[in-house]
Amino acid sequence: MSRTEATRGAGRPAAAMAMVCELVESAQAQAHWCAITAPHLVALVRDGARFENGHLVERRVAGAA
């Protein structure tokens with residue numbers, strides 16, 4: 001098997017499941033992961049809103065003076 005074939009996808013479904021399990025275990029071990037405590041703000045974040053220190057930062061409109 002060539003190197004290109006070896007890195008193309010996960011291969012077998014069992015190998016893919018093993019990779020997913022390892023990623024989930026790694027994510028759970030990270031101390032900085034936390035629950036979403038403000039689900040009403042998720043849409044803002046998805047639309048590109050910026051927050052600094054927990055406060056929404058207003059965007060400056062280009063060309064406005």
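The values are calculated or read from the model by the stated rules, or taken from the named source; none is laboratory data. What you are looking at is a predicted structure, and each value in this text was computed from that prediction instead of being measured. Heads up, the Cβs are rebuilt from the backbone with ideal geometry, glycines too, and the neighbour counts pull from every protein chain shown.
Here are some notes:
- Residue match in the range 37-59 (condition: out of contact with any Phe, Trp or Tyr (no Cβ under 8 Å at 6 or more places or on another chain), loosely packed, with under 10 Cβ neighbours inside 10 Å, modelled with pLDDT under 65 and hydrophobic (A, V, I, L, M, F, W, C)): no
- Some residue of the range 6-27 being in a helix (DSSP H, G or I) and modelled with pLDDT under 80: yes
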